[in-house]
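The values are calculated or read from the model by the stated rules, or taken from the named source; none is laboratory data. Quick caveat, the model's predicted, so the values are computed rather than measured. Reconstructed Cβ throughout: ideal geometry from the backbone, glycine too, with neighbour counts over all protein chains shown.
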Amino acid sequence: MEPNSPTPPAETVTPTRRVFFRWLTGAVGAAAAAILGFPVVRYFLGVRERPAQWVTLGPLADFPPNETRMITFDNPLGQAWDGITARTGVFVRYEGQTEDSADQFRVLAVNCAHLGCPVSWFPQSGLFMCPCHGGVYYANGEHASGPPPRGLFHCVWRVQDGQLQVQAPHYPTLQDTLEDTA
Amino acid sequence: MVRLLKALGNWLDARLGFRETLLPMMRHPIPKAVEGPMGWWYVFGSASLTFFIIQVVTGIGLALVYVPSADQAYQTLLYLDYDQPLGWFLRALHYYAGSGMVVMLLVHMTQVFLQGAYKYPRELTWVLGVLLLLCTMGMFFSGQILRWDPDAYWGLAVAGAMAGRVPVIGPWVVHLLLGGEIIGADSLSRFFTLHVFVIPAALMFFLAVHLWLVLRCGVSAPPVPGQSVDPATYDAEYHEELKTGVPFLGDALLKDILFSSLAVIAVVAIAAVLGPKGPTGPPDPTLGGANPRPEWPFLWLFALLSLSPPAAETFIILVFPMIVILVLFLVPFFSNRGERAPSRRPVAVLAVIVAYTALGALTYQGATAPWSPAMTAWSGDPIPENMVQQSAPVELQGALVFQYKNCRNCHALEGSWHAHDAQPVDRPGQQRHARRRQHAGLRQTDEPARDDGAGRFSGEPAALGAAGGRGERPFPIREALMPGMSP
């Protein structure tokens, strides 16, 4: 104890009590922040997972060989209040049968692999063209020209009871293509 | 009555204490020159603030009617445009005052930069100003999304595709941005929340700090060539200058009020004449012929993404904006002393000229360039027989590739096939073509490409006959053909 100090001797007793309450307050505060923070942060950063869903595009007879047509459907991956934005289009092309008589389809997402804009199919030219930055693709989805770093995204399809079905496509991006969900 | 009001005022001030705290602050002296003609340079910040207040008021008005639900947003916009009295005007005003705010911010920022007003001790004021610019750009982008039309939908798609390029966590970022697996209701709710709650809250906070700093650090005196800023002596010099100063809340504000009034009149007139912007159509992603364009503050980036080499693209999307923002933040730390007058700072002037020239040129390109050729003259017709008569077998194969790859869609044919000069290239045509990313962007005419007059294509047909021209193995035509496109 310094000489002439105005501090009462009680000071030597209280710190332990005061220190204890400082720690206690800190601990309770941290606990409150944690139980509040975890669910809230998880809510904000959480990702909703949905099981893969199959959409029927139509009977096989609807798809003449080597003809690309756009089929539209309401995407089941969305919400009930999606309205018109739930509508999804895919380009379907029947490519005949393989040697073991299995039907071969090519189902392509409309989103350009460059920045996601909607490509259009030009039957007379046999090319998909993107209006945004001039990406061009061949009928099989392969990249032909323009800035896209890859071909169009392929949807996963199957034939069930004579119907062509496709796995409802999420919004495809370079690291999250549609093939991966198969 | 007057006595009663005075009593009320006294009662309030006894508790609030504004007369002792706020009033002296508002009446604090600013350099006398600001009251002179040079004061006209100081009006752009307050004009931005005026536009921001209009945005708040019109935004609240629009939120009274607008429903941020993917299945109803479009109808409520149409209702605002056609049925709600003056709804069209509020929508127009909200758009053009927002545009005006961006313009005023840029002019304000340019003025502060050119006149060195960001130098000591106002570095932090500049940093807050950059944050305000970022918030405003965020408001512009999220606001465009709320206009739930094809441009909004595909704007989200482009934003998602950009986010998807983030290494490793790209897919998660996309999901976070869109709020779900597809672009739809969750995405709209998300951007509504950003536009109405998150960004405005951040913007108002930054604005409060920015204005506090303006009061605290004082308004900079108009620059005088030869009078340079030295942090060691600046405070004393500024203090000396203020001894002849004029009050902040006084006649110096007249110019601001007059300019803001004129700006408001201009924006109201533009809104009334041009009317509301969009919505251009229902946000139906299956509608063909969509030609999405971003709002004008982002057109330069849109153009840059088409003109840049593909190898640099991910860099331009992810890193380049960060560099620009970082450089903007660091401006006052690179040079917080020295000359302030633009006549003594040629590099600063040059930087402004270069930046605006680049932005202007890119914006013009983004607004006008049809990156995709207008498909009114495509041609899937076979190559005329007389062109391939007397062609060598390898040249015939090249003609087949030309046919099946639909090259005639963009490239014209003239003369005879074998007359085309085969330029040696080291790869099959298909790959070379694919490497040339800007290919489609080169042709922007409505008609097929013309022969260049020398019996050659103006495009790049040289690759087609290349294998033969060099006497290498014949062009691998079977591989080049598309599956499902049998001859």
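Here's the yes/no breakdown for (1) crowded, with 21+ Cβ neighbours inside 10 Å; (2) more than 27 Å from B:Asp186 (Cβ to Cβ); (3) in contact with a helix residue (DSSP H, G or I) (Cβ under 9 Å, 6 or more places away or on another chain):
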{"position": "B:Asp81", "(1), (2), (3)": "no, no, yes"}
{"position": "B:Phe89", "(1), (2), (3)": "no, yes, yes"}
{"position": "B:Ser99", "(1), (2), (3)": "no, yes, yes"}
{"position": "B:Met109", "(1), (2), (3)": "yes, yes, yes"}
{"position": "B:Gly116", "(1), (2), (3)": "yes, yes, yes"}
{"position": "B:Thr136", "(1), (2), (3)": "yes, no, yes"}
{"position": "B:Met139", "(1), (2), (3)": "yes, no, yes"}
{"position": "B:Trp154", "(1), (2), (3)": "yes, no, no"}
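One residue stands out among those in the range A:58-78 that are more than 18 Å from A:Gln167 (Cα to Cα) and acidic (Asp, Glu): the one that is farthest from the other protein chains (Cβ to nearest Cβ), which is A:Asp62.
Select, from B:Ala266, B:Ala272, B:Ala312, B:Ala303, the only residue that is surrounded by 15 or more Cβ atoms within 10 Å (Cβ to Cβ), among the aliphatic types (A, V, I, L, M), more than 26 Å from A:Thr88 (Cα to Cα) and in the same structural domain as B:Val166 (by TED's automatic domain parsing).
Numbers: B:Ala266 fails: surrounded by 15 or more Cβ atoms within 10 Å (Cβ to Cβ); B:Ala272 fails: surrounded by 15 or more Cβ atoms within 10 Å (Cβ to Cβ); B:Ala312 fails: surrounded by 15 or more Cβ atoms within 10 Å (Cβ to Cβ).
The conditions single out B:Ala303.
Got at least one residue in the range A:93-100 being at pLDDT 90 or above and either more than 10 Å from chain B (Cβ to nearest Cβ) or touching a helix residue (DSSP H, G or I) at 6+ places or on another chain (Cβ under 8 Å) (or both)? Yes: one or more hits. Here B:Asn336 clears all of (1) more than 27 Å from B:Arg147 (Cα to Cα); (2) at pLDDT 90 or above; (3) part of a loop (DSSP other than H, G, I, E, B) except the condition numbered (2). Cβ-Cβ contacts under 6 Å between residues 6 or more apart (or on different chains), taken from a first residue in the range B:240-262 that is closer than 17 Å to B:Thr50 by Cβ and touching a residue at least 40 places away in the same chain (Cβ under 8 Å) to a second residue that is of a type in the set (S, T, N, Q) and not in a loop (DSSP other than H, G, I, E, B), are listed as B:Asp256/B:Ser46; B:Ser260/B:Ser46; B:Ser260/B:Thr50.
Any idea which residue in the range B:270-327 is farthest from the chain's Cα centre (by Cα), counting only those that are part of a loop (DSSP other than H, G, I, E, B) and acidic (Asp, Glu)? Even if it seems obvious, please write down each step before you answer.
Pass one, the range B:270-327, residues part of a loop (DSSP other than H, G, I, E, B): B:275-295, B:308-309.
If we keep only those that are acidic (Asp, Glu) too, we end up with B:284, B:295.
Details: B:Asp284: 25, B:Glu295: 7 Å.
Per the stated criteria, the residue is B:Asp284.
State yes or no: is B:Tyr74 part of a helix (DSSP H, G or I) and not small (Gly, Ala, Ser)? Yes.
Rundown of residues vs (1) over 17 Å from the mean Cα position of the chain (by Cα); (2) in the same structural domain as B:Val107 (by TED's automatic domain parsing); (3) modelled with pLDDT of 95 or more; (4) within 30 Å of B:Lys119 (Cβ to Cβ), yes/no style:
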{"residue": "B:Pro342", "(1), (2), (3), (4)": "yes, yes, no, yes"}
{"residue": "B:Val349", "(1), (2), (3), (4)": "yes, yes, yes, yes"}
{"residue": "B:Ile353", "(1), (2), (3), (4)": "yes, yes, yes, yes"}
{"residue": "B:Tyr356", "(1), (2), (3), (4)": "no, yes, yes, yes"}
{"residue": "B:Leu359", "(1), (2), (3), (4)": "no, yes, yes, yes"}
{"residue": "B:Tyr364", "(1), (2), (3), (4)": "no, yes, no, no"}
{"residue": "B:Pro373", "(1), (2), (3), (4)": "yes, no, no, no"}
{"residue": "B:Trp378", "(1), (2), (3), (4)": "yes, no, no, no"}
{"residue": "B:Gln389", "(1), (2), (3), (4)": "yes, no, no, no"}
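When only residues in the range B:222-237 that are assigned to a helix (DSSP H, G or I) and under 15 Å from B:Glu339 (Cα atoms) count, which is nearest to the chain's Cα centre (by Cα)? Selected residue: B:Tyr234.
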